[in-house]
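A.B. asks: Below are the structure tokens for one structure; questions will follow.
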Amino acid sequence: MPATTRAEETGEGEGRGIEARLAALEQLVDAMTREVVTRRLVVVDALGRPRLVADISRGTAELRLEVPNSGPVGPTTTTGDPAPGQPAPAGRTAVVLHATPGGAGAGVRGGGGGAGSPDVVDLGPSVGLQLWADGDAVAEFDIWPDGAGRWCPHVHLAAGP
């Protein structure tokens with residue numbers, strides 16, 4: 001029979017292992033109070049409707065503050081989009097802040113191609129604010145650099161009814 005040490009007999013070694021794991025867990029929780037790293041954040045209201053959505057898609061960072069649709073609420077995915085087989089909302093009403101660095105696949109996607117395909121148009125770097133009503137962009141204020149590198153404003157107001 002092998003000899004045992006005093007720590008093995010009393011369980012003191014196990015206690016130190018648990019204490020080390022608990023200290024590591026406390027450090028992790030402390031780090032999470034300072035910063036959460038994720039690719040998409042959706043905050044929903046009491047009925048499960050997305051109200052605040054922050055994500056990065058094709059290089060563009062967006063923050064959307066959405067007005068809930070007035071229709072019935074059906075099951076949604078974890079992203080706040082309709083669950084498979086559920087009808088899509090009639091049109092979103094929202095404020096959208098966006099920032100695009102340009103290049104590396106950032107831009108507007110056309111007829112189904114992926115990043116780097118001719119269907120992706122790189123619009124270059126830009127920053128903007130959009131107002132959406134019932135699925136239509138009714139007002140936009142954007143800035144992007146011209147050929148000389150000067151940032152230029154662009155304002156777009158949709159025609160009324």
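A.B. asks: Within the set of other residues whose C-beta is less than 10 Å from the C-beta of LEU129, count the net charge using Lys and Arg as +1 and Asp and Glu as -1.
C.D. replies: Local charge sum for LEU129: -2.
A.B. asks: Ok, one more. Find out how many positive minus negative residues lie around HIS156, taking Lys and Arg as positive, Asp and Glu as negative, among other residues whose Cβ is under 13 Å from that of HIS156.
C.D. replies: Neighbourhood net charge equals -3.
A.B. asks: What does the highest-first list of 48-56, 28-36 look like by mean Cβ count within 10 Å?
C.D. replies: Highest mean packing first, the order is 48-56, 28-36.
We did not get these values from a lab; they are worked out from the coordinates using the rules stated. Just so it is clear, the model here is predicted, and its values are computed rather than measured. Because the Cβ atoms are built from the backbone with ideal geometry, glycine has one as well, and the counts that use them run over all protein chains shown.
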